[in-house]
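Notes to accompany the following structure.
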Amino acid sequence: MRRVVITGMGAISPAGNDMPAFWEALKNGKNGIDFITRFDTSDYKVKIAAEVKGFDPSLYMDKGEIRRNDLYTQYAVAAAAQAVEDSGIAGTLPPERLGVYFSSGIGGITTFDAESQKLHAHGPAKVSPYFIAMMIENIAAGMIAIKHNAQGPSLSVVTACATSTHTIGEAFRAIKYGYADAIIAGGSEAAICPLSIAGFTNCMAMSETNIPDSSSVPFDKRRNGFVMGEGAGALVLEEFESAKKRGAKIYAEIKGYGNTCDAFHVTAPRSDAAGTSRAITEALAEAGVSPQGRMYINAHGTSTPLNDKFETAAIKIALGDNAYKTPVSSIKSMIGHTLGAAGALESIASIMALRDGMLPPTIGYAQPDPECDLDYVPNKARKADIDAAVSVNLGFGGHNAALVFTKI
């Protein structure tokens, strides 16, 4: 069983289009949420989202590739390219020892929406021949593999909002047990489109407050739904000895992964928080990190009434009395809920918090909720000396995942 480290990271986000810009924005509490510009929201109850701004796909793909790939794949290819460049791993491994574990919670729903409109307006002949390849969730992984000649294990896990926490966790296990020496892992989402916004609104999951600074307010008593975000996060996971031998920069070690299911309801979490707490407990146990240790938790923190209440309960179950001494925050307060990209972007935030000793805040926090009574790092980043960072994500269908990162 081998050690696994993080040697490269890349990000496309509502708060910046590379990892350093993303991290700087989080530390400064920059809010990436604003009014939707992609389409006319006059008839929509929800009018805000956290859009990626100023993204230039031509930096990473040629014109033909851009035309043939959904925006979620473009984001994924860009974040992966950044992570690979950051890691310096290109050309250092046999292609069959480099893998790609990358996916999306929804896939090419923007393409699905646009091509459906073409079908209904103009008939079947007008549907793009690239429609299927642009829509499906595994194409981002395929494109990344092609770009980097990664011929090793390749996997696209789809577990809704826990997707990229699972891709990173499964990549960790694959390297740990010798199936690969390095894996480009992460997730991407680009679901700010008419069909998606309407669907999430009508299932009563999204905030209809429509005030950019007061709609995504995790753990706050005013919370009433999540705000849609988008983007991609990519991490290069690498076997420790291999990374050390080539003199790679190492951000952190990934030491634990928890993967559980509530087996309860398609959207609501268990009221006893058993599944989420067990994911955290199992990740800490594999990592050899005591529940009483000095850690930071980057929470799923969606700003929905049930998630934040029961995630708080899960942290208390997993950490006991130490829960009240452990800082917890949600960067969804700044970048919204990026769905399948959430786990990857939040893992990057967790790793940088660990490396720099600076915890990203939960911005917009104003009204404490008695049922959410932990330390949520309100409104301003905070210096902290921690030994481990835990990233937690939950997905529709009852999927729970947790990752534990430590200093090397």
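Every number here is computed from the coordinates shown, using simple stated rules; none is lab data. Every value quoted in this text rests on a predicted model; they were computed, and no experiment measured them. Virtual Cβ from ideal backbone geometry, glycine too; neighbours counted across all protein chains shown.
Quick look at the numbers
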{"quantity": "In order through the range 390-399: 3J(HN,Hα) via Karplus (6.51 cos²θ - 1.76 cosθ + 1.60), integer Hz, x for Gly, Pro", "calculated": "10, 10, 10, 9, 10, x, 3, x, x, 7"}
{"quantity": "Directionally averaged shadow of the range 4-245, computed from the convex hull of its alpha-carbon atoms, nm²", "calculated": "14.2 nm²"}
{"quantity": "Alpha carbon Rg of the range 1-113, scaled by the compact-globule rule 2.2 N^0.38 Å", "calculated": "1.27"}
{"quantity": "P(r) histogram, all alpha-carbon pairs of the chain included - 10 Å bins from 0, percent", "calculated": "5, 25, 35, 24, 8, 1, 0"}
{"quantity": "Ranked list, fewest to most other Cβ atoms within 10 Å of each Cβ, for 60, 365", "calculated": "60, 365"}
{"quantity": "³J(HN,Hα), Karplus 6.51/-1.76/1.60, whole Hz, each residue of the range 149-166, x for Gly, Pro", "calculated": "6, 8, 9, x, x, 9, 8, 10, 7, 10, 9, 6, 7, 9, 3, 7, 5, 6"}
{"quantity": "Cubic angstrom per residue, convex hull over Cα atoms of the range 253-322", "calculated": "93 Å³"}
{"quantity": "Whole-percent pair-distance distribution, where bins are 10 Å wide, for the alpha carbons of the range 254-406", "calculated": "12, 47, 37, 4"}
{"quantity": "Surrounding net charge for residue 354, when Lys and Arg each add one and Asp and Glu each subtract one, Cβ distance under 14 Å", "calculated": "+2"}
{"quantity": "Positive minus negative residues near residue 256 (Lys, Arg vs Asp, Glu; Cβ under 15 Å)", "calculated": "+2"}
{"quantity": "Residue among 237, 119, 195 with the largest mean-square fluctuation in a Gaussian network model of the chain, springs linking Cα atoms under 10 Å", "calculated": "119"}
{"quantity": "Cα Rg, Dmax (largest Cα-Cα span) when computed across the range 206-341, Å", "calculated": "16.9, 53"}
